[in-house]
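The values are calculated or read from the model by the stated rules, or taken from the named source; none is laboratory data. Quantities reported herein were computed from a predicted structural model and do not represent experimental measurements. Because the Cβ atoms are built from the backbone with ideal geometry, glycine has one as well, and the counts that use them run over all protein chains shown. When the accessible area is computed, the model is the full protein with side chains, heavy atoms only, and any ligands, DNA or RNA have been set aside. Shrake-Rupley method; radii C 1.70, N 1.55, O 1.52, S 1.80 Å.
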Amino acid sequence: MTTERHVALELVAALADRFGPDSKVAREVPGWIEYLTDVECPERPRTRPGAAWWGRVRGLLEEQRVGHDAHEENLIRINAARIGKHFGLSDAEARILEFFASYQSFDMFEHVVDQALQTRDVTLPFLIAQFSDAEHTTGRDTLRPDARLRTSGLLQSDGRNWSRQTIPFMVSDRLTSALMADISDIEELVALLFPPAPSPEAEWSDFTGMGDSADIMRKLLRNALEQGAPGVNILLYGPPGTGKTEFCKVLARELGASLRAVGEADSSGEEPSRGERLAELGIAGRMLAARRDTVLLLDEMEDLFGWPGLTVLPSGTDVQGLCQSAAGNQSSPDPLDDQFH
């Protein structure tokens, strides 16, 4: 059985256990079973449905859920647990991250979730609690703006007006893809999320025109990496094509550090939105905060200008490129806040 089918059937079974034959959910369960499997459910009685009919439906559902074929390994669940351990999330929070990634990845699961919400018998926090086997209050609390899943950037608001019939939160496409990858450890997950930048073609001597500035930046970042100092960032600005990104690559090589790109276009060439890029920067800072061998590169710096507390440079200034030590985001979701008041 595919992971997609198994995850959807697990949610249907959890709902069937909580509702009786007269519920709106019970009206949908036969359709869900037939949508997810090749079996035909007993027809719902025209009169008031009783326990006998509901028992047959639930028994059929259990047969299909358990089955005789082993289901595929759930890579999203495995990788969400890895992310959760790395971020210090609870087991319930890791499962809730899995819920939203599964909703975005699996059409069958999305179908069941959407139709369940449309019955109005359930709310989104209730569905999350059923999926993650957590208390209802846990599902609700994890969606608050100050909850760890949201402040970490792992779970983002999609910015749309919403009611309880829609899902107002999302996992970034890059993170969703990484969660679905068949990898062996957190290091491979980090590499998928924040790939190392290509090796530079230039040499340090090619930037002598920067004068003492280059040496100051090299010394600043070297000390930050050696000491694990938080909040150390370097802003490079200038017209396109002047070598800002190439200088970051050379600088990282001079330091013996790995330069990892944040908020880059995906494999299809599609650029992330401003919100997605900011969320990725927050995730990168937290995932890599303890490292002393990593420098982060954000090549669309203008996306940060507009955060409360930041002062925008004069109008017309072309601002791009951020080199920062990975420890820079450890204590604050606004990594440049202290430097631009």
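Determine, yes or no, whether GLU73 is out of contact with any strand residue (DSSP E or B) (no Cβ under 7 Å at 6 or more places or on another chain), open to solvent by less than 20 Å² (accessible area, probe 1.4 Å) and closer than 25 Å to GLU187 by Cα. No; evaluated as a whole, the condition is false for this residue.
Report whether or not GLU4 is in contact (Cβ under 8 Å) with a residue 60 or more places away in the chain, open to solvent by 30 Å² or more (accessible area, probe 1.4 Å), outside any helix (DSSP H, G or I) and under 21 Å from GLN130 (Cα atoms). Taking the combined requirement at face value, the residue does not satisfy it.
Taking segment 38-57 as the region of interest, how many residues are more than 19 Å from MET108 (Cβ to Cβ) and modelled with pLDDT of 90 or more? The number of residues fulfilling the criteria is 5. Checked against the criteria, LEU60 does not count as within 34 Å of the chain's Cα centre (by Cα) and of a type in the set (A, V, I, L, M).
Screening segment 126-147 for residues that are at pLDDT below 90 and assigned to a helix (DSSP H, G or I) and picking the one that is surrounded by the fewest Cβ atoms within 10 Å (Cβ to Cβ) gives THR137.
For segment 219-257, filtering for residues that are assigned to a strand (DSSP E or B) and modelled with pLDDT of 90 or more leaves 0. Looking for something within 25 Å of ARG286 (Cα to Cα), surrounded by 15 or more Cβ atoms within 10 Å (Cβ to Cβ) and touching an Asp or Glu at 6+ places or on another chain (Cβ under 7 Å) - is there at least one such residue anywhere in segment 201-213? No: segment 201-213 contains no residue that is within 25 Å of ARG286 (Cα to Cα), surrounded by 15 or more Cβ atoms within 10 Å (Cβ to Cβ) and touching an Asp or Glu at 6+ places or on another chain (Cβ under 7 Å).
Checking each residue in segment 231-257 for being on the phi > 0 side of the Ramachandran plot and open to solvent by less than 30 Å² (accessible area, probe 1.4 Å) picks out GLY238, GLY243. Here PHE99, PHE87 are screened, and the one residue that is within 25 Å of the chain's Cα centre (by Cα) and either farther than 22 Å from SER184 by Cα or open to solvent by 30 Å² or more (accessible area, probe 1.4 Å) (or both) is PHE87.
Does THR119 count as farther than 29 Å from GLY31 by Cα, touching a residue at least 12 places away in the same chain (Cβ under 8 Å) and of a type in the set (Val, Ile, Thr)? It is false that THR119 is farther than 29 Å from GLY31 by Cα, touching a residue at least 12 places away in the same chain (Cβ under 8 Å) and of a type in the set (Val, Ile, Thr). The residue of segment 275-289 that is nearest to ILE186 (Cα to Cα), among those that are modelled with pLDDT of 75 or more and open to solvent by 20 Å² or more (accessible area, probe 1.4 Å), is ARG286.
Among the candidates SER172, SER157, the residue that is modelled with pLDDT under 90, open to solvent by 20 Å² or more (accessible area, probe 1.4 Å) and either in contact with a helix residue (DSSP H, G or I) (Cβ under 6 Å, 6 or more places away or on another chain) or under 15 Å from ILE96 (Cα atoms) (or both) is uniquely SER157.
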